[in-house]
Amino acid sequence: MTKTMNAPSIRGPLDHSVREQIVEAAFEHFGHYGYEKTTVAELAKSIGFSKSYIYKFFDSKQAIGEVICANRLELIMSAVLSAIEDAPSASEKLRRLFKALTEAGSELFFHDRKLYDIAAVAAREQWPSTERYAESLMKLIESIIIEGRQAGEFERKTPLDEVTQAIHMVMCPFINPVQLQYNLEMAPTAAVLLSSLILRSLAP
């Protein structure tokens, strides 16, 4: 299918369809040539669109990457929420949280390098999608701490924001794609040992 600069203006469902087509094509192209090495002009040529036509839907290459990254991060968060949903206690939720996050990152690295490479760029350059994801994760950690404190599982003396941030910092080397690539072999063990260490530090 070929689109040119003279293509008619698209609205509504068709507009959404073209955006999805561009994102899907970009995902394949980035996977083959690499995100950082690909220009919008090269991407446009590979899918039969003009560069100006792509700019009608996305104002930059990063905007396309943002959609790809945000979609994956939403899937990861859904998987995490599903993993902790029926946990019998806040302590178990924290264990499952760490395990689900490290498994998701490792799976991305070993089985979907296209997405992993884009996620690494997004994390390194602090794209809005990764910032929103980090905020959501911090809120989830905070909610687990609050639940544990209300149930008497966790101590209450340390300020909540300090505890939340500290736990997030401990997890970062094993969930941030830039750092995870250097810690892949340790990730499964870290999920067990570090969550246990965190829980001991939270004991009342």
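The values are calculated or read from the model by the stated rules, or taken from the named source; none is laboratory data. The model shown is predicted, which means the values in this text are computed figures rather than measured ones. A quick note on method: Cβ atoms are made from the backbone with ideal geometry, for glycine too, and the neighbour counts reach across all protein chains shown. All accessible areas refer to the heavy atoms of the entire protein, side chains included, with ligands and DNA or RNA removed. Shrake-Rupley method; radii C 1.70, N 1.55, O 1.52, S 1.80 Å.
Observations, loosely collected:
- Looking at the range 89-204, the helices (runs of 4 or more DSSP H) lying wholly inside it that each contain 3 or more residues that are crowded, with 19+ Cβ neighbours inside 10 Å sit at 90-111, 113-125, 128-150, 160-175, 187-202.
- Of all the residues in the range 61-82, those that are touching an Asp or Glu at 6+ places or on another chain (Cβ under 9 Å) and of a type in the set (Gly, Ala, Ser) number 1.
Every residue, every condition in (1) out of contact with any helix residue (DSSP H, G or I) (no Cβ under 6 Å at 6 or more places or on another chain); (2) closer than 30 Å to Ala25 by Cα; (3) of a type in the set (D, E, K, R); (4) without any contact (Cβ under 8 Å) to a residue 24 or more places away in the chain, yes or no:
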{"residue": "Asp117", "(1), (2), (3), (4)": "yes, yes, yes, no"}
{"residue": "Ala120", "(1), (2), (3), (4)": "no, yes, no, no"}
{"residue": "Arg124", "(1), (2), (3), (4)": "no, yes, yes, no"}
{"residue": "Thr130", "(1), (2), (3), (4)": "no, yes, no, no"}
{"residue": "Tyr133", "(1), (2), (3), (4)": "no, yes, no, no"}
{"residue": "Leu137", "(1), (2), (3), (4)": "yes, yes, no, no"}
{"residue": "Arg156", "(1), (2), (3), (4)": "no, no, yes, no"}
{"residue": "Val163", "(1), (2), (3), (4)": "no, no, no, no"}
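- Filtered residue count, the range 41-59, keeping only those that are among the hydroxyl-bearing types (Ser, Thr, Tyr) and open to solvent by 40 Å² or more (accessible area, probe 1.4 Å): 3
- So Glu66, is it within 25 Å of Ala166 (Cα to Cα) and of a type outside the set (Phe, Trp, Tyr): no
- Members of the range 10-30 that are open to solvent by less than 50 Å² (accessible area, probe 1.4 Å) and either under 17 Å from Tyr55 (Cβ atoms) or at pLDDT 90 or above (or both): Ile10, Asp15, Val18, Ile22, Val23, Ala25, Ala26, His29
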